[in-house]
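Each value in this text was obtained by applying a stated rule to the coordinates, not by laboratory testing. Owing to the predicted nature of the structure, the values given are computational and were not obtained by experimental measurement. Cβ placement follows ideal geometry from the backbone for every residue including glycine, while neighbour counts extend to all protein chains displayed.
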């Protein structure tokens, strides 16, 4: 199979590229290292691109900018992929506020460019769009919560299993990032529903893993472990450090994409996270990091929370498991922490 992956040097794109390359597929990756532009040297993903090229002779890299419509159309016409994973994005809701044009051009316009190119030149190719749970805005904060010793949790039986895909994305504060991603999300759905293409939107929770170049503005778990490994100071923004995220290893993300590509549907949406079993608060994450590295977590508390930030977010994985019963979470939280810590030590915690 010929598979095309955008953002192929990033966490998810790189994981998916390696996953399919290991299985012998012809993998084409698009990445222009814009993460370094967004986040500076700490966000540079050149190392991952070179690693993929060195390890996988069936991986080919393309230095293309998804905002360049003519280039995208030409490349898809030439490659004619049999499957597409669109993982490229401006991923930070903090950064988006200071660079709204760049954010929208990458997240919304770039997604449209990819979808239209696929419709014209690879209409039968399953199209997996990496969306985000930020399309729900801060509406999850309206769910009744209870405060426990080290975390917030839902105090409504309806959400015992987490947030499902029928949760409203309307009438809430999304952040500029969440709004641009919602535009791309809806467009990907529409190309499925209107044009009949095999598309899905994966509304990711905290996607993580050892190949994440985590920075303060994006990559919660990776950055937290990095700070612990290097002895730095971590800033906790509001909610008493009890805010909860569900964490999924990038390998389990790649496995779900494989399942969808093998049996695609049109215009689907899935909440892709670690579920309740892989959820943790920041305070709980500190304890897990300390247990893995043996180092005490150094942090300071900032009383102001990030705009539009979720207090508690856990993905309901029921729909994913129902549609693709062969898929489930395979990598537990403690293993994720261990792998991330080992990777930061190996890479010199850059």
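Quick one: length gained pulling residue 82 to residue 296 fully straight, 0.36 nm per residue minus the C-alpha distance?
Details: separation 214, 0.36 × 214 = 77.04 nm, distance 4.82 nm.
Contour length minus Cα-Cα distance gives 72.2 nm.
Taking square-rooted eigenvalues a ≥ b ≥ c of the alpha carbon gyration tensor, is the stretch 266-350 rounded, prolate or oblate, where a/c under 1.5 means rounded and, failing that, a/b exceeding b/c means prolate? Please list the in-between numbers first.
On the way: a/c = 2.37, a/b = 1.46, b/c = 1.62.
Since a/c reaches 1.5 but b/c is at least a/b, the shape of the stretch 266-350 is classed as oblate.
So how much slack lies between residue 2 and residue 347, counting 0.36 nm per residue of separation and subtracting their Cα-Cα distance, in nm? Intermediate results must be reported in sequence, preceding the final value.
Details: separation 345, 0.36 × 345 = 124.20 nm, distance 3.10 nm.
In short, 121.1 nm is gained.
State, to one decimal in nm, how far the label point of residue 173 lies from the label point of residue 150, with both points 7 Å from Cα in the Cβ direction.
Computed distance between label sites residue 173 and residue 150 equals 3.0 nm.
Reported to two decimal places, what Rg/Rh ratio describes the stretch 15-110 when computed on Cα atoms with Rh from the Kirkwood expression?
Details: Rg = 14.2 Å, Rh = 14.5 Å.
Looking at the stretch 15-110, the ratio lands at 0.98.
For the pair residue 319 and residue 74, how long in nm is the line joining their label points, each one 7 Å along Cα→Cβ?
Label at residue 319, label at residue 74, 3.9 nm between them.
Please work out the Cα convex hull volume for the stretch 200-317 and give it in Å³ per residue. Walk me through the intermediate numbers first.
On the way: hull volume 12.8 nm³, N = 118.
Taking the convex hull of the Cα positions in the stretch 200-317, it is 109 Å³ per residue.
How many angstrom separate the Cα center of the stretch 278-350 from the Cα center of the stretch 105-160?
A separation of 18 Å, based on Cα centres.
Going by how many other Cβ atoms sit within 10 Å of their own, how do 62, 223 line up, fewest first?
Lowest to highest Cβ neighbour count: 62, 223.
Taking the beta-carbon count within 10 Å as an exposure proxy, list 16, 72 from fewest neighbours to most. Present the calculation step by step, with values, prior to reporting the outcome.
Numbers: 16 28, 72 22.
With the fewest neighbours first, 16, 72 line up as 72, 16.
Quick one: length gained pulling residue 307 to residue 67 fully straight, 0.36 nm per residue minus the C-alpha distance? Spell out each step's value before the answer.
On the way: separation 240, 0.36 × 240 = 86.40 nm, distance 2.69 nm.
This chain segment gains 83.7 nm when fully extended.
Per 5 Å bin, what percent of the C-alpha pairs of the stretch 143-231 does each bin hold, from zero upward?
In whole percents, the pair-distance histogram is 3, 10, 13, 15, 18, 20, 12, 6, 2, 1, 0.
Can you pull the Kirkwood radius for the stretch 65-194, inverse mean 1/r over Cα pairs, to one decimal in Å? Don't skip to the answer; put the middle values down first.
Values: mean 1/r = 0.0614 Å⁻¹.
That comes to 16.3 Å for the stretch 65-194.
What's the angle, to the nearest 10 degrees (0 to 90), between helix 282-293's Cα axis and the longest principal axis of the chain?
Helix 282-293 and the main axis of the chain meet at about 80 degrees.
Once label points are set 7 Å from the Cα along Cα→Cβ at both residue 157 and residue 142, what is their separation, rounded to one decimal in nm?
2.2 nm
Classify the stretch 199-250 as rounded, prolate or oblate, taking a ≥ b ≥ c as the square roots of the eigenvalues of its Cα gyration tensor: rounded when a/c is under 1.5, otherwise prolate if a/b is larger than b/c and oblate if not.
Values: a/c = 2.61, a/b = 1.44, b/c = 1.81.
In terms of gyration-tensor shape, oblate.
To check you understand DSSP bridge types, tell me what percent of the beta bridges within the stretch 2-346 (both residues inside) are antiparallel, rounded to 5.
In the stretch 2-346, approximately 15 percent of DSSP beta bridges are antiparallel ones.
Just 315, 291, 175 to compare: in a GNM of the chain, with alpha carbon springs under 10 Å, which one fluctuates most?
The residue that fluctuates most here is 291.
May I ask for the percentage of alpha-carbon pairs in the stretch 57-104 that lie more than 13 Å from each other? Mind showing how you got there, number by number?
Values: 785 of 1128 pairs.
Percent of Cα pairs beyond 13 Å in the stretch 57-104: 70.
Averaged over all directions, how much area does the convex hull of the C-alpha atoms of the stretch 1-160 cover when projected, in nm²?
On the way: hull surface 48.4 nm².
Reported value for the Cα convex hull: 12.1 nm².
Starting with the fewest neighbours, write out 136, 239 ranked by other beta-carbon atoms found within 10 Å of each beta-carbon.
Working: 136 24, 239 21.
Result, fewest neighbours first: 239, 136.
Working only with C-alpha atoms, what are the Rg and Dmax values of the stretch 2-346, expressed in angstrom?
18.9, 56
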